[in-house]
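Novice: Below is the structure I would like to discuss, written out as C-alpha cells.
Rule-based calculations on the coordinates, nothing more; no lab input. Everything numeric here is computed off the predicted structure, so don't read it as measured data. A quick note on method: Cβ atoms are made from the backbone with ideal geometry, for glycine too, and the neighbour counts reach across all protein chains shown.
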Amino acid sequence: MSPEGAAYGIEEYSKALCKQAEIAEAFYYGRIGEGVEGLLNLPEDVRLLIDQLIWDAAGGQAIDPTDEASAELIADAILFSLEEQMGLHAS
Amino acid sequence: MGSTAFPSKEMSQMASFEARMGDDLSLQDIEEIEQQIVIQTTDKTRGVAVGLLNRLDAKKPALIDREINKLSHASDLISKIKILSSLIQYLPPEEVTEKLDEIQFEASLVDDPKVRDAVTEQLKHLQFAQAKPVIHDLKDFVDRLKKVGHAVLNTNSLAPMFAALSDYQVEQIRRTAIAGCA
C-alpha cells in the first residue's frame, strides 16, 4: 500500500464509520425511512453483520422498526458493528 | 559518533511539540498536540513523549474550569453547544445531561424558529452521543485518523499509520482503499 493509497483508505474508512453513526442516529430518533435507506447502501459484509446482530438480539423474532424499542435495537446493532470496525472488539 | 552530536529527527520533532506547549493553549490545542505526539512517537522518543503527555495532562484541570466558566457566561445557545461539545469528555455524564437539559429549555424559549431548529438539531446529536458513548469514541478515533492521514502524506511513509493504529485497523484501511480502487 502506498502512502497515497493509505491516506485515501483512511479518509474513506472515516467516512464509512461516520455514515454508520448517522444511520444509527436516524433509527434512534425514529427516522426509519432514512435509516433503512442508509442500511441498504452499506457494504454487503457490514449489512450482513448488522442483520446477524439484530437477529441475535431479537432472539430470532421478526421486528417492527417503527416500534421504538425495535428501532433502538437496530441502532444498537449498528453501533456494535461500528465498534467492531473501529477495532474495539479485536483482541 | 556523529549520531550523538546532533539531535535525531525524532527528538527534534518532540522538541517542536514542547515548543508549542505555551500557557495560551486551549483544550483543543492540547488534544491536537497529544494526538500528534502519539502518532510521531517512536521507541527512541517514548520516554520524552510520556513526559510531554504528563505535562499536557497537568494543564487540563485549569482549562476545564475556564471552559465551564465560559459556558455559564455564554449568552447565545450556539456558543453554549460549542463549548459543551468540547467539554463533554471531561465532565461526568450526569452533569452533561443537566447542561443539555438547560440548553434544551433555553432553546424552547427562542422565538426564531430557524435558530430553535438549528439548536435542537445540534442538541439531538449531543443527546445521542450521551445515550450512546461509542459516538464519543468515534469522534476521537476519526480525529486521530485524520491526523494519521496527514502524517502519512507529510512523511510520505506508512510508519505513522503503523505506529498509531492496530493491525486490525490497518487491515480495515487496506480493505477500504482496495474497495475504493476497484
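Novice: Taking every residue in B:116-129, how many Cβ atoms of other protein chains lie within 10 Å of its Cβ, on average?
Specialist: Mean inter-chain Cβ contacts per residue within 10 Å come to 1.
Novice: With Cβ to Cβ distances under 12 Å as the rule, what net charge do the other residues near B:PHE17 carry (K, R +1; D, E -1)?
Specialist: Summing Lys/Arg as +1 and Asp/Glu as -1 gives -3.
Novice: For segment B:102-109, just list the computed ³J(HN,Hα) in residue order, Karplus coefficients 6.51, -1.76 and 1.60, θ = phi - 60°, integers in Hz, with x standing in for Gly and Pro.
Specialist: 4, 5, 4, 5, 4, 5, 5, 8
Novice: With each label point set 7 Å from Cα along the Cα-Cβ vector, what nm distance links B:ASP112 and A:GLU34?
Specialist: For B:ASP112 paired with A:GLU34, the spin-label model returns 2.2 nm.
Novice: Using the eigenvalues of the Cα gyration tensor, what equivalent ellipsoid semi-axes result for chain A when each is taken as the square root of five times the eigenvalue, whole Å, largest first?
Specialist: Result for chain A: semi-axes of 26, 14, 10 Å.
Novice: Which percent of Cα pairs goes in each bin when the distances of the protein assembly as shown are cut into 5 angstrom slices starting at zero?
Specialist: Result returned by the calculation: 1, 5, 10, 12, 14, 14, 14, 12, 9, 5, 2, 1, 0, 0, 0.
Novice: How crowded by other chains is B:50-62, given as the mean number of beta carbons from other chains within 10 Å of each beta carbon?
Specialist: Shielding by partners across B:50-62 averages 0.
Novice: Suppose R0 equals 25 Å. What FRET efficiency, 1/(1 + (r/R0)^6) with r the Cβ-Cβ distance, do A:ASP51 and B:ASP140 give to the nearest 0.05?
Specialist: Between A:ASP51 and B:ASP140 the formula returns 0.35.
Novice: Now, a different point. Within chain B, how many Lys pairs sit with Cα atoms under 14 Å apart, leaving out pairs fewer than 8 places apart on the same chain?
Specialist: 10
Novice: Short version: ³J(HN,Hα) in whole Hz for each residue of segment B:19-30, in order, from phi by Karplus 6.51 cos²θ - 1.76 cosθ + 1.60 (θ = phi - 60°), x for Gly and Pro, what are they?
Specialist: After applying 6.51 cos²θ - 1.76 cosθ + 1.60, I find 5, 7, 8, x, 8, 9, 6, 9, 4, 5, 4, 4 Hz.
Novice: Quick one: 3J(HN,Hα) in Hz for segment B:58-65, Karplus 6.51/-1.76/1.60 with θ = phi - 60°, rounded, Gly and Pro as x.
Specialist: In residue order, the calculated couplings are 5, 7, 5, x, 5, 5, 5, 4 Hz.
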